[in-house]
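These notes are about the structure you will find just below.
The values are calculated or read from the model by the stated rules, or taken from the named source; none is laboratory data. Since we're looking at a predicted model, the values are computed, not measured. All Cβ positions, glycine included, derive from the backbone under ideal geometry; neighbour counts span all protein chains shown. Quick note on the areas: whole protein, heavy atoms, side chains included, nothing else; ligands and nucleic acids left out. Shrake-Rupley method; radii C 1.70, N 1.55, O 1.52, S 1.80 Å.
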Protein chains: 2
Amino acid sequence: MNLLKERIVKDGYVFGDNIVKVDSFLNHQIDVSLYNEIGKEFFERFKKYDITKILTIESSGIALAVITAQYFNNIPVVFAKKSESLNLDTDKYSSEVFSFTKNRNYNIMVSKKYITPNDKILIIDDFLANGKALLGMKEIIDKANATLVGAGIVIEKGFQEGGNIIRSMGINVQSLAIIDSIENGTITFR
Amino acid sequence: MNLLKERIVKDGYVFGDNIVKVDSFLNHQIDVSLYNEIGKEFFERFKKYDITKILTIESSGIALAVITAQYFNNIPVVFAKKSESLNLDTDKYSSEVFSFTKNRNYNIMVSKKYITPNDKILIIDDFLANGKALLGMKEIIDKANATLVGAGIVIEKGFQEGGNIIRSMGINVQSLAIIDSIENGTITFR
């Protein structure tokens with residue numbers, strides 16, 4: 001998605017060889033027009049599936065998910081909640097996710113009421129790096145016996161292993177910008 | 001907003017005398033059509049002001065804020081980030097907020113880049129109860145020498161003190177549903 005790649009180059013801040021900060025338009029301040037273009041693009045890539053629900057994870061995935069849902073005839077969005085403590089509620093599906101940023105595990109949870117075996121689910125998230133959050137959401141979808149149709153990602157760090165791991169599981173991952181490397185301040189897209 | 005009140009009565013779950021769970025449509029699963037009606041209503045109530053930006057707080061305010069921003073000609077949304085630790089960065093505005101739910105303080109932060117003295121800001125949030133989160137966002141707006149135009153709230157717990165405190169400060173708070181009491185499982189709106 002060229003509009004997005006141009007924006008990453010124009011407004012992203014590169015730190016070292018593996019961090020690009022995009023908080024001026026994606027995950028702190030939000031450019032709602034750009035979000036709509038992203039939502040339209042996800043719709044184009046997944047419209048042939050009969051998607052019933054969008055799943056994301058708090059916080060920064062939520063805005064992307066609701067804007068995208070508008071293009072899918074306002075299907076419901078469910079966001080997995082993060083929790084420090086292990087969830088012992090029997091009315092929730094949970095999964096343990098390791099955060100490399102915070103160097104510890106956290107739990108994500110979805111109420112059993114909001115994912116059913118009839119659901120065909122599209123996962124939406126802003127970043128794909130090591131893939132742990134996405135695998136956690138997949139685990140919850142599997143526990144609910146629902147169907148994971150695919151994942152729409154805004155920025156994939158192609159130099160980390162998440163994309164390969166998840167594609168090798170047969171999951172349809174559509175990343176709108178895949179960064180293959182960041183060297184001397186220059187971003188190279190796949 | 002009658003559509004919202006009817007939905008709260010129909011799909012809300014009441015616990016005791018002060019909790020109503022609305023996570024089937026508002027803050028876990030999201031009804032995107034209802035969110036659009038909420039966004040339109042906020043626009044009607046605040047359209048006469050020349051609002052430049054919407055401020056909210058993670059997580060559940062974010063979706064409301066982006067949907068609402070669409071009715072204000074896609075103005076930017078900024079969401080304050082929560083942090084356990086005190087923020088020592090000089091490039092961020094921060095405020096300490098007490099959480100009654102978690103019985104401890106947390107910090108909220110906004111990058112100085114994303115609020116400027118020229119900004120006329122509308123705060124959007126899902127709940128107003130004790131008002132601490134809203135006051136934290138007001139403090140950040142004040143530190144940035146920006147203008148707080150008002151606050152759009154989906155559900156106000158009228159039996160808690162937040163609404164009174166904030167209105168007595170002269171802030172234009174528009175709550176789409178004000179719950180005055182919850183008694184024996186029955187919700188009474190103002």
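Assess whether residue B:64 counts as being away from every other protein chain (no Cβ under 11 Å), crowded, with 17+ Cβ neighbours inside 10 Å and closer than 30 Å to residue B:182 by Cα.
No; evaluated as a whole, the condition is false for this residue.
Do we find that residue B:102 is out of contact with any helix residue (DSSP H, G or I) (no Cβ under 7 Å at 6 or more places or on another chain), open to solvent by 40 Å² or more (accessible area, probe 1.4 Å), part of a loop (DSSP other than H, G, I, E, B) and within 13 Å of chain A (Cβ to nearest Cβ) in this structure?
yes
State which residue is nearest to the other protein chains (Cβ to nearest Cβ) when the search covers only the range B:15-37 and only residues that are open to solvent by 40 Å² or more (accessible area, probe 1.4 Å) and in contact (Cβ under 8 Å) with a residue 40 or more places away in the chain.
Taking the candidates together, the pick is B:19.
Restricting attention to the range A:38-54, and to residues there that are among the basic types (Lys, Arg) and more than 9 Å from chain B (Cβ to nearest Cβ), which single residue is nearest to residue B:79 (Cα to Cα)?
A:40
So residue A:140 clears everything in (1) within 14 Å of another protein chain (Cβ to nearest Cβ); (2) surrounded by fewer than 20 Cβ atoms within 10 Å (Cβ to Cβ); (3) of a type outside the set (Lys, Arg) except one condition, right? Which one?
Here residue A:140 meets the rest and fails (2).
Kindly establish whether residue B:84 is more than 13 Å from chain A (Cβ to nearest Cβ), open to solvent by 60 Å² or more (accessible area, probe 1.4 Å) and over 20 Å from residue B:48 (Cα atoms).
No; evaluated as a whole, the condition is false for this residue.
Return yes or no: is residue B:12 closer than 30 Å to residue B:184 by Cα, touching a residue at least 24 places away in the same chain (Cβ under 8 Å) and within 14 Å of chain A (Cβ to nearest Cβ)?
Answer is yes for this residue.
Checking residue B:73 against (1) within 12 Å of chain A (Cβ to nearest Cβ); (2) at negative phi: exactly one of these is not met. Which one?
All conditions are met except number (2).
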